[in-house]
Each structure stands twice: as C-alpha cells, then as structure tokens.
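Worksheet: one structure, shown below.
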Amino acid sequence: MELNRRDFLKGALAVGAVSAAGAGLTACAPAAKDNPQTAETGGIEYPAGLQESDFKESPVELAPITEFADEKTYDVVVVGAGTGGVPAALSALEEGATVAVLQKESKAIAQGGTCSGVLLDESDEQGVMNYIQGFLEDCGWRADRKLAETYCKYSGEAIRWTQVRTAEAGFPPYTVRPTAVTEYEDGSKCSRRSIMFGPKPFNNGTMVEHLAELAGKLGIPADALKKSVERYNELVDAGFDADFGKQAKYLRKVEKAPFWGIHKHVRVSALCAGATVNENYQATRTDGEVIPNLWITGFSAGQLCGAPDWSMYQGGMSAGHCIMTGRICGIQAATGGKLEAATPITEADVVAVSA
Ligand SMILES: Cc1cc2nc3c(=O)[nH]c(=O)nc-3n(C[C@H](O)[C@H](O)[C@H](O)COP(=O)(O)OP(=O)(O)OC[C@H]3O[C@@H](n4cnc5c(N)ncnc54)[C@H](O)[C@@H]3O)c2cc1C
C-alpha cells in the first residue's frame, strides 16, 4: 500500500516517525502488488499478514480521512513530540527545513531524567569496541550490534547538543555527572557522559519508630507485616533466603528502629522494540528494503537490546538513545540523508554555554 499524505496522517506508523514530506509522503507497508495477503474491505487495504480483526483492539485507524479544513506542505513531518520526536524536529529546523510536528497531546510529553552518550573524542576505538561487546553480553547476545554502534557513534554529540540547546533555552541539566571512564584490561578506555534533568518527584517513603506504625502509614495489615519481618529475620539468621533468593551478602535483619517503608508500583518505563530499521534508523520493510523518506526515532525504533525489555548496562541509555535517534533522523530527513549536522556541537560549545 503506497501511503499518500492523507493516509499517513490517519493511519501510518504513529509515534516517533520522521518523514521527509516535501518529496511526497511515503510508504509504510508493503506495496499491494507484493502482498498476496492484502485484503480489500470497504476500500481499506491491510498491511501484509494483517486482517480486519487485528485492528479491533488497536488504536490504529486505517480509514482514510475524507474531510480537511486546510492543507499545508512541510519539508519534514515529525509524528509524536516525545524524547525522540522533539530532537528530531529541532534538528531538522536547525538544518534549514520547514517542520510540522503532529502531537497527540496538547504539548510535548516525555518521561525520564537521565540521558547518556559515548564521548568518542575521549575514548579510543578499542575501548568503544569493548564497551559494545560488554553491552552485547549484557543483552544475552541478542542486541542489535549495528544499532549499538550507531549509538556509540552519535550519542556523545547528541548529549552535548542537548546540553547546549537546553542551556540556551534556560533549562540546563541539573546534574552533569563526572565522565564515566571504563578502563579495560587491554589498556583501552571508553568514556560516557550522563546528564540529568528534573528533579524527578522522588518518593522516599515513610520512616517511623515502630513497625506497627509503619503498617498503618503504608495501609497494610500490621499482623502480616510483623509475620513477614519475623520470617525474613529467620532467613537472615540462617544465612540463606529460601523464599526469594536474595544474595547472602545483602541479608540484614530488620530489628532496629527507625523502620522505613515505601509502596512500590510495577511500571513500564521503556519498551525497546518496534518498527524495523537499518543502522541509520531508516524504516525498512521486513525484508530489509529501505522505505524511502521515512525514519523512526525513539524506543519503538528497531531492537537495540534485542528484546522489548531494555538493558541497564548504561544508565540513561534509553533517553540518550532516543535523543540520538531523533537527532540523526531529523538531520537525515532535512538534508536528504546526511547523518551529521552542518555544525556538530563540540565540547567547546558546551564549555562556552557553561561559563
Ligand atoms: C517514569 C519514567 C522514568 C524514566 N526514566 C528514564 C531515565 O531516567 N533514563 C532513561 O534513559 N530512560 C528513562 N525512561 C525511559 C525513557 O523515558 C523512554 O524510553 C523514552 O522517553 C521513550 O521516548 P520515545 O520518543 O520513544 O517515546 P515518548 O517520549 O513516549 O514519545 C512519544 C510521543 O508521541 C506522542 N503520541 C502518542 N501517540 C500519538 C499519535 N497517535 N499521534 C501523535 N503523537 C502521538 C506522545 O504524546 C508522546 O509525546 C523512563 C520512563 C518512564 C516512564
């Protein structure tokens, strides 16, 4: 199905897509002629392998838009103003493109506070290779090596760009961590920078003098809390946590006030898998063929970690990866394929705005 401008707005890959629109909007699904499974229902063609029932629970809308209040033309259209989308739009603007941002909510929305990147100019080639190898190992050898290489190549510039642009706008990071340098046995090194925005609304829980009081504050039954603590203390005495497998080196008795407790909630912070991309984050068909003029940014782009759950190998890698992909996608869309900005941001620029 070749998507025209209207179909793209209505039902194409929605979040984190960057498209060079001046050249006409792009295809987001295999062409109908190549797709024996395409079904035609009420004028709607479904992408390969999908049918009407697949869209029943989906927010994706396939029906074509038929009424328009206005029509405008931009060089670049960014869909989704989040951690990847905003850098994409700003980077495309900086390269001289006209840009439209289509955002579901009334303003830009993103999560996360820490963003990290690899400082290539403060690392050596072998050190970066070792860093990538460690990442692949941490991901159980499932990670996408090419995307990891792209992260290492462009994330340092993206982090410096973020430092400079946020300082210019009056919102600099509240912490720039000391550069993390890993020195490997072979004498090589790899340096990374983490910057933090926020502060996040930390919930430090409750501290009290008596366990029963803690149960009341946390809204849990005091009897059950007492039993759990007694059982845990038994396991500490035994030196083996037969219930949850906590390592012996972390086993400490809960017996001395003050007592501290917090409600923890299960949450999803990042799903790091989505549309297929090549190493430059150009959208691809499942056979690897590039879909012209369409880039995917953010954590729905490719499978950096090789699975939907993401690695904690590098704190801030998720947001750092999103900013980096936004930047290179925006630059490519604006320039017709260049990966580097006309004026890349350097450490000297960071020093200049920090002075
Ligand atoms: C609470 C929390 C804390 C986190 N802390 C960290 C951290 O410290 N460090 C770190 O590295 N990672 C962190 N993460 C993960 C990181 O924030 C995410 O991986 C990252 O924000 C994903 O960016 P994205 O651009 O892919 O998506 P998003 O930032 O979610 O952007 C998607 C955007 O698309 C918009 N949108 C959605 N649907 C549509 C539509 N149909 N049309 C148009 N627009 C649409 C949304 O409004 C949103 O603005 C955290 C995540 C959470 C939830």
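The values are calculated or read from the model by the stated rules, or taken from the named source; none is laboratory data. Nothing here was measured: the structure is a model prediction, and the numbers come from that model. Cβ atoms come from the backbone with ideal geometry, glycine included; neighbour counts cover every protein chain shown. Calculation scope for accessible area: heavy atoms of the full protein, side chains included, ligands and nucleic acids excluded. Shrake-Rupley method; radii C 1.70, N 1.55, O 1.52, S 1.80 Å.
Some notes on this structure:
- Matching entry among Gly239, Gly274 (being over 30 Å from Val78 (Cβ atoms) and small (Gly, Ala, Ser)): Gly239
- Within the range 91-114, the set of residues being open to solvent by 60 Å² or more (accessible area, probe 1.4 Å), under 12 Å from Gly330 (Cβ atoms) and among the acidic types (Asp, Glu) comprises Glu94 only.
- All positions within the range 131-159 that are surrounded by 17 or more Cβ atoms within 10 Å (Cβ to Cβ) and farther than 24 Å from Asp121 by Cβ: Cys139, Ala143, Asp144
- The C-beta contact set for the range 330-353 (first residue within 14 Å of Gln282 (Cβ to Cβ) and among the aliphatic types (A, V, I, L, M), second residue open to solvent by less than 60 Å² (accessible area, probe 1.4 Å) and at pLDDT below 95, distance under 6 angstrom, 6+ apart or interchain) comprises Ala333/Val18; Ala333/Ala20.
- Matching residues in the range 304-334 - criterion: being over 15 Å from Arg165 (Cβ atoms), away from the ligand (no atom under 13 Å from the Cβ) and buried (at least 20 other Cβ atoms within 10 Å of the Cβ): Gly306, Ile328, Gln332, Ala333, Ala334
- Comparison of Asp34, Asp70, Asp75, Asp54 shows that the only residue that is modelled with pLDDT of 70 or more, farther than 26 Å from Gly298 by Cβ, open to solvent by 40 Å² or more (accessible area, probe 1.4 Å) and more than 16 Å from the ligand (Cβ to nearest atom) is Asp70.
- One residue from Ala88, Ala108 being modelled with pLDDT of 75 or more and in a loop (DSSP other than H, G, I, E, B): Ala108
- Count of residues meeting criterion [over 19 Å from Val86 (Cα atoms) and open to solvent by 40 Å² or more (accessible area, probe 1.4 Å)] in the range 286-303: 7
- Scanning the range 335-355 for residues that are among the aliphatic types (A, V, I, L, M) and open to solvent by less than 60 Å² (accessible area, probe 1.4 Å) yields Leu339, Ala341, Ile345, Val350, Val353.
- Positions within the range 160-182 being exposed (fewer than 14 other Cβ atoms within 10 Å of the Cβ) and either touching a residue at least 40 places away in the same chain (Cβ under 8 Å) or among the aliphatic types (A, V, I, L, M) (or both), in sequence order: Glu168, Ala169, Thr179, Val181
- Within the range 111-127, restricting attention to residues that are modelled with pLDDT of 95 or more and assigned to a loop (DSSP other than H, G, I, E, B), the residue that is farthest from Thr162 (Cα to Cα) is Asp124.
- Members of the range 276-295 found to be modelled with pLDDT of 95 or more and among the acidic types (Asp, Glu), listed by number: Glu279, Glu289
- Members of the range 207-260 that are open to solvent by 100 Å² or more (accessible area, probe 1.4 Å), touching a helix residue (DSSP H, G or I) at 6+ places or on another chain (Cβ under 9 Å) and of a type outside the set (Phe, Trp, Tyr): Met207, Asp223, Lys226, Arg252, Glu255
- Any chance Gly117 is within 24 Å of the chain's Cα centre (by Cα), more than 8 Å from the ligand (Cβ to nearest atom) and surrounded by 14 or more Cβ atoms within 10 Å (Cβ to Cβ): yes
- The residues of the range 250-275 that are at pLDDT 90 or above and closer than 30 Å to Asp237 by Cβ, listed by number, are Tyr250, Leu251, Arg252, Lys253, Val254, Glu255, Lys256, Ala257, Pro258, Phe259, Trp260, Gly261.
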